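Heads up, the thing below is written out as structure tokens.
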Amino acid sequence: MAETQIRFEDGLSYERYMGDWSRRVGTVFIEWLAPLSGLKWIDVGCGNGAFTELIVERCAPNEVRGIDPSEAQLDFARKRSATQLAKFDHGDAMALPFPADTFDVAIMALVIFFVPDPAKGVAEMTRVVRPGGMVAAYAWDVLGGGFPLEPLRIELREMGLKPVDPPSVDASRIEVMRDLWTGAGLEAVETREITVQRTFSNFEEFWQITSLGAPSLRPTLAAMSPTDVELFKTRVRARLRVDAAGHITYGSRANAIKGRVSA
């Protein structure tokens, strides 16, 4: 249905909202993967290149390819100075435009719950990774309350409104991820939770960054009356903890998984 679609078309707004969160989780995720240098990577659903940038900066890759269905996001990714090593292409996670055994590592960063058929997406990552290579992902624990939007989602539910979920939200559950990885024939499968915190200077900064950058929130706000929007803001403000300086700090949680392609 049109009202439940989540579209990523504004790379700059999304960067201010999710890019920061993604890098916080992604940094811990990369440390957990402990990859060797000189590898060939594919970043599936690379979006505006936030995680691709981390690969280039922290993993000393030999090659990085980013695939995403949004040309607007790809355009933003191509303009990142730190991603000059990477090449970005329009593509579908369920039909990757590469032959088998092309890469050493395939990654989905905050993407698997947007793939219409997650099993097919994992199978495609497995196909394009060489024997012994790694297939890994992390996703917000949406159903477990780990999504950065959770304070707002709670208040929407309290107001009788249904938050917009990613189309394959069940794939964010760690047990579902494990089933997807083992179902694709991957070996040495491991999972973990990653919890991070972020601080905003005040509520208005939080609200502006979140309301402008979160594509799952914009349709809901657009359908609300101005009075209800103000009521919603007031309720969210009351829910968030504010320190003596007016700063807002709260945490979010992602589920992560990695496995090896059978040698």
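The values are calculated or read from the model by the stated rules, or taken from the named source; none is laboratory data. Model, not experiment: these values are computed from the prediction. Heads up, the Cβs are rebuilt from the backbone with ideal geometry, glycines too, and the neighbour counts pull from every protein chain shown.
Annotations
- Residues in segment 205-245 that are part of a helix (DSSP H, G or I) and among the acidic types (Asp, Glu) were compared, and the one that is surrounded by the most Cβ atoms within 10 Å (Cβ to Cβ) is GLU205.
- Given (1) closer than 30 Å to PRO131 by Cα; (2) out of contact with any Pro (no Cβ under 8 Å at 6 or more places or on another chain); (3) in a loop (DSSP other than H, G, I, E, B), number of the condition ALA263 does not satisfy: (2)
- None of PHE98, PHE88, PHE113 is at pLDDT 95 or above, of a type in the set (A, V, I, L, M, F, W, C), part of a loop (DSSP other than H, G, I, E, B) and at negative phi except PHE98.
- Qualifying position, being at pLDDT 95 or above and closer than 24 Å to SER13 by Cα, among ILE174, ILE257, ILE248: ILE248
- Any hit, segment 61-81, residues being of a type in the set (Ser, Thr, Tyr), in a helix (DSSP H, G or I), modelled with pLDDT under 95 and surrounded by fewer than 17 Cβ atoms within 10 Å (Cβ to Cβ): yes
- Any hit, segment 97-115, residues being touching a Lys or Arg at 6+ places or on another chain (Cβ under 8 Å), touching a residue at least 12 places away in the same chain (Cβ under 8 Å) and buried (at least 22 other Cβ atoms within 10 Å of the Cβ): yes
- Residues in segment 135-187 that are in a loop (DSSP other than H, G, I, E, B) and among the small types (Gly, Ala, Ser) were compared, and the one that is nearest to THR249 (Cα to Cα) is GLY146.
- Residues within segment 246-263 that are farther than 28 Å from GLU190 by Cβ and crowded, with 19+ Cβ neighbours inside 10 Å, tallied: 1
- Subset of segment 207-263 (residues that are among the small types (Gly, Ala, Ser) and free of Cβ contacts under 8 Å to residues at least 24 places away in the same chain): SER211, ALA222, SER225, ALA238, ALA244, ALA245
- Among the residues of segment 62-73, those identified as touching a helix residue (DSSP H, G or I) at 6+ places or on another chain (Cβ under 7 Å) and either of a type in the set (A, V, I, L, M, F, W, C) or under 23 Å from VAL189 (Cα atoms) (or both) are VAL64, ALA72.
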